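So the structure is just underneath, and the comments pick up after that.
The values are calculated or read from the model by the stated rules, or taken from the named source; none is laboratory data. Source: prediction; values computed, not measured. Note that each Cβ is placed from the backbone with ideal geometry, even for glycine, and that neighbours are counted across all protein chains shown.
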Amino acid sequence: MAKSSSKAAVKPVHVLNGPNLNLLGLREPHIYGSTTLADIEKQVAARAKALGLAVVCRQSNHEGELVDWIHEARQKASGLILNAGAYSHTSIAIHDALATLDMPVVEVHISNVYKRESFRHHSTISSVATGVICGLGTIGYELALEAIKSKL
């Protein structure tokens, strides 16, 4: 007879990136650095493994696709890391989708949005996030994983 584990496997953490983040490493390196999105995904996967977690990483320039992935996370994820890019400042749809989640959600920004244009100083999604990491560069994704692990 096969042994059964008394502890169910933890669902993966979903890491979602919004518009223009596919251009990391090329777009405004003086603000975002030279690290690519592929580099970040490798770093996040390695940190997740060290924490005993799995990750699913995705990027889209389309708001509706991000909303669909947030809906999917309701059933398939244990936590969500979201860098919604410019949608952080404008999207009520993403806010409303995040409000349906019953899991840790961490909003991540690579740059310090408070040192930038004033329109970036407000986030429509912060109020439905468990926490926000901003201005620490790409390590913010790894710190978000640490935070989610502590909440699981």
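Quick test for you: out of His95, His62, pick the one residue that is crowded, with 17+ Cβ neighbours inside 10 Å and at pLDDT 95 or above.
On the way: His62 fails: crowded, with 17+ Cβ neighbours inside 10 Å.
Testing whether each residue is crowded, with 17+ Cβ neighbours inside 10 Å and at pLDDT 95 or above leaves just His95.
Restricting to region 26-44, count the residues that are of a type outside the set (Val, Ile, Thr) and part of a loop (DSSP other than H, G, I, E, B). Please lay out each step first, then the result.
Narrowing region 26-44 to residues of a type outside the set (Val, Ile, Thr): 26-30, 32-34, 37-39, 41-43.
Subsequent filtering for residues that are part of a loop (DSSP other than H, G, I, E, B) retains 26-28, 33-34.
The qualifying residues number 5.
I need the full set of residues from region 99-124 which are more than 12 Å from the chain's Cα centre (by Cα) and under 24 Å from Asp68 (Cβ atoms), in order please.
Applying the first criterion (more than 12 Å from the chain's Cα centre (by Cα)) to region 99-124 yields 99-103, 111-124.
Passing the criteria: Ala99, Thr100, Leu101, Asp102, Met103, Ser123, Thr124.
Kindly establish whether Ala48 is crowded, with 18+ Cβ neighbours inside 10 Å and small (Gly, Ala, Ser).
On the way: crowded, with 18+ Cβ neighbours inside 10 Å: yes; small (Gly, Ala, Ser): yes.
Against the criterion (crowded, with 18+ Cβ neighbours inside 10 Å and small (Gly, Ala, Ser)), Ala48 qualifies.
Residue by residue through region 100-152, note down the ones that are surrounded by 15 or more Cβ atoms within 10 Å (Cβ to Cβ), in contact (Cβ under 8 Å) with a residue 60 or more places away in the chain and of a type in the set (Lys, Arg).
Within region 100-152, just Lys149 meets the criteria.
Tell me yes or no: at least one residue of region 43-50 is within 14 Å of the chain's Cα centre (by Cα), farther than 17 Å from Leu136 by Cβ and not basic (Lys, Arg).
Checked region 43-50: at least one residue is within 14 Å of the chain's Cα centre (by Cα), farther than 17 Å from Leu136 by Cβ and not basic (Lys, Arg).
Here are Asp68, Asp39: which of them is in contact (Cβ under 8 Å) with a residue 60 or more places away in the chain, of a type outside the set (S, T, N, Q), out of contact with any strand residue (DSSP E or B) (no Cβ under 7 Å at 6 or more places or on another chain) and more than 17 Å from Val132 (Cα to Cα)?
Asp39
Pairs only if they're at least six apart or on different chains, beta carbon under 8 angstrom, first in region 77-94 and farther than 20 Å from Leu37 by Cα, second of a type in the set (Asp, Glu); list them, first residue then second.
These pairs meet every condition: Ser91/Glu63; Ala93/Glu63; Ile94/Glu63.
Evaluate the following for Ala50: is it hydrophobic (A, V, I, L, M, F, W, C) and in contact (Cβ under 8 Å) with a residue 12 or more places away in the chain?
The answer is no for Ala50.
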